[in-house]
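K.L.:
Handing you a structure now.
Derivation of every value follows stated rules applied to the coordinates shown; laboratory data play no part. In this text, all values refer to a predicted model and were calculated from it rather than measured experimentally. Neighbour counts are summed over all protein chains in view; Cβ atoms, including those assigned to glycine, are modelled from backbone coordinates with ideal geometry.
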Amino acid sequence: MKQRALVVGSGAREAALAWRLAETHTVDALIAHENPSIVEIVHRTGGKFRVGDYCDGAQALALAKEARTNLAIVSNDAALAGGVVDSLLAGGIRTVGPSRNAAEIEWNKSFGRSLVTEFLPNLNPEFWIARTSVEIDHAICVAKEKGLAVVVKPQGLTSGRGVKVMGDHFADYAAAAAYARQVLVEHIGGSNEVIIEEKLEGVEFTVQAITDGKSLVRVPVTYDFPYRFDGDTGPGTGGMGSICGPGQIPNFLSAAEYEECLSAIETVLKALSLKGLRFNGVLNTGFFATPKGLKIMEFNARFGDPECMNILMLLETPFSSLLNGLLDGNLESTSVKFKPGACVVRYLVPREYCIAPATPQKFGIDLETVKRIGAEVFFGSAIAKEAGYITIGASRSLALATYADTLREASELIDSAIGEGVSGALDFRKDIGSEAYMEKLVAKRSRRKSH
């Protein structure tokens, strides 16, 4: 009899997790809406799904018990912050994902910054934690005196949409201070704190370290496209797409810098252990390669979305073997291999995404055509409707992911898949994975190094 796996969450990331689990498991799912990808996988593998609150640990545990699940995986930030992993573990379910207290490294940015200050101080940018308007004014004044542009971050979770950057979103220090006050007044992120940080100059990238809490998998580096429009313009988003490969290290990063990243993540894992915090799953660390060296931008306590899809597309080892090694605590002796090529992920979104309130929009996708071209489809905020699909809310509707020898080839496959297989009022970034973008990225890093 096949083992059963429970996926908690209903985004494209969870669809990708279900896709890989379906190779070996019957898949069950707790979802907020009937995600077409997840529903199809559940039906195909003979599993169960329930529409409910995936941040409710009691609901997750009830479904796990009913389905007699052998393992569960939680990779949604709100579910982790809500203690869903703790509920599943308390019910005797083997679960991939950190406890709520360990996930504080994501849902409490102050905690993450204090951890880096204590154990890796040279990797911290300058930062200030403000709880009052007076403290905001002090932080902005110091930054201005030092000639530092700033980034304003709500302390809690905002699905990638709360962070605003001077130069991109603020014209000056006064506007940055005004937004910081707005964060406090409106409790954006659900906290009474706001973080003001030095704006880092360089190239941002992510290392999604898969870990059992003791050792980690040497994963390929991923690069995210967080801005809404081509050329990195427009508002910040939850991520319009991401790229990875070919190989583990992109050409804008050195082998020594990659090793420094892994060493830093190992230090953070040890620090969490010293504090008595259980962490397994993915310690997803955002780095900046700057003229002053590597800096840590942020932590996520789970797979990124969309970067999860890059890793799962490239993972050559059976996903179940990786998860079992993680859960058994012997990841160090588990052989994990990745394909040598490149993966491009591109989100298709409502045209109003991150710009204006959205209304439901119908769209079509010929899954057979897209699959024939060589793209995988992972639905997000969409449902099946009248021989087609309809967007729900103003979030990301679906992701397409491709694998090829080079980024250019993978990007061209997505272009073909969208052109031949997708219809309707959806928007996307065309520069994700393009040669021109990558050339600019490498040139940007070269200029920074020379300075």
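K.L.:
Express in nm, to one decimal, how much length is gained between ASN101 and ARG218 on full extension, taking 0.36 nm for each residue of separation and deducting their alpha carbon distance.
P.N.:
Full-extension gain reported as 39.6 nm.
K.L.:
Extension gain ALA32-GLU439, at 0.36 nm per residue separation less the Cα-Cα distance, in nm?
P.N.:
Taking 0.36 nm per residue and subtracting the Cα distance, the gain is 142.5 nm.
K.L.:
Any chance you could tell me what percent of the C-alpha pair distances in the range 147-201 go past 18 Å?
P.N.:
Roughly 24 percent, rounded to a whole number.
K.L.:
Over the range 242-327, what lengths in whole Å, largest first, do the semi-axes of the equivalent ellipsoid take, defined as the square roots of 5 times the eigenvalues of the alpha-carbon gyration tensor?
P.N.:
22, 20, 11
K.L.:
Among the listed pairs LYS109/LYS371; LYS292/LYS440; LYS199/LYS440, give every one whose C-alpha distance is greater than 30 Å.
P.N.:
Result: LYS109/LYS371 exceed 30 Å.
K.L.:
Report the per residue volume, in Å³, of the convex hull enclosing the C-alpha atoms of the range 311-451.
P.N.:
Hull volume over Cα atoms, normalised by residue count, gives 176 Å³.
K.L.:
Here's a follow-up. How high is the FRET efficiency from SER254 to ASP53, r the C-beta distance, R0 56 Å, rounded to 0.05?
P.N.:
My answer for the efficiency is 0.80.
K.L.:
Distances longer than 16 Å among the Cα atoms of the range 3-97: what percent of all pairs is that?
P.N.:
Cα-Cα pairs of the range 3-97 separated by over 16 Å account for 43 percent.
K.L.:
Hey, any idea what Rg/Rh is for the chain, computing Rh the Kirkwood way over Cα pairs?
P.N.:
Radius of gyration relative to Kirkwood radius: 0.94.
K.L.:
Suppose we flag GluC sites (Glu not before Pro) only when DSSP calls them loop and at most 11 other Cβ atoms lie within 10 Å. Which is the longest uninterrupted stretch of the chain?
P.N.:
Answer - 24-315.
K.L.:
Once R0 is set to 30 Å, what does the formula 1/(1 + (r/R0)^6) return for the Cβ-Cβ distance between ALA175 and ASP230, expressed as a FRET efficiency to the nearest 0.05?
P.N.:
Once rounded, the FRET efficiency stands at 0.75.
K.L.:
Sorting MET240, MET1, MET313, MET166 on the 10 Å Cβ count, fewest up front, what's the list?
P.N.:
Arranged by neighbour count, lowest to highest, MET240, MET1, MET313, MET166 become MET1, MET166, MET313, MET240.
K.L.:
Please report SER242, SER10 as a ranked list, fewest other C-beta atoms within 10 angstrom at the top and most at the bottom.
P.N.:
By the 10 Å Cβ count, ascending, the order reads SER10, SER242.
K.L.:
As a check on your grasp of the helix formula, calculate [θ] at 222 nm for the chain: sum -39500 (n - 2.57) over DSSP H runs of n ≥ 4, divide by the residue count, round to the nearest 500.
P.N.:
Helix contribution divided over all residues of the chain: -11000 deg cm²/dmol.
K.L.:
So, in nm, how far is label LYS144 from label SER446 when the simple model puts each one 7 Å beyond its Cα toward the Cβ?
P.N.:
Label at LYS144, label at SER446, 3.9 nm between them.
K.L.:
Quick one: pull the percentage of alpha-carbon pairs in the range 203-437 with a separation above 27 Å.
P.N.:
Tail fraction, whole percent: 37.
K.L.:
Just subtract the alpha-carbon distance of ARG44 and LYS371 from 0.36 nm times their residue separation and send over the number in nm, one decimal.
P.N.:
116.0 nm
K.L.:
Along Cα→Cβ, 7 Å out, is where each label goes; now give me the distance between the ones at MET1 and LYS362 in nm to one decimal.
P.N.:
4.4 nm
K.L.:
A further question on this structure: Hey, what's the per residue convex hull volume over the C-alpha atoms of the range 260-392, in cubic angstrom?
P.N.:
So the per-residue Cα hull volume is 200 Å³.
K.L.:
Based on the Cβ-Cβ distance of LYS65 and GLU332, what FRET efficiency does E = 1/(1 + (r/R0)^6) give at R0 = 25 Å, to the nearest 0.05?
P.N.:
E(calc), rounded to 0.05, equals 0.20.
K.L.:
Once you place label points 7 Å from the Cα toward the Cβ at ASN122 and THR406, how far apart are they in nm?
P.N.:
Going by the 7 Å Cα→Cβ label model, 3.7 nm.
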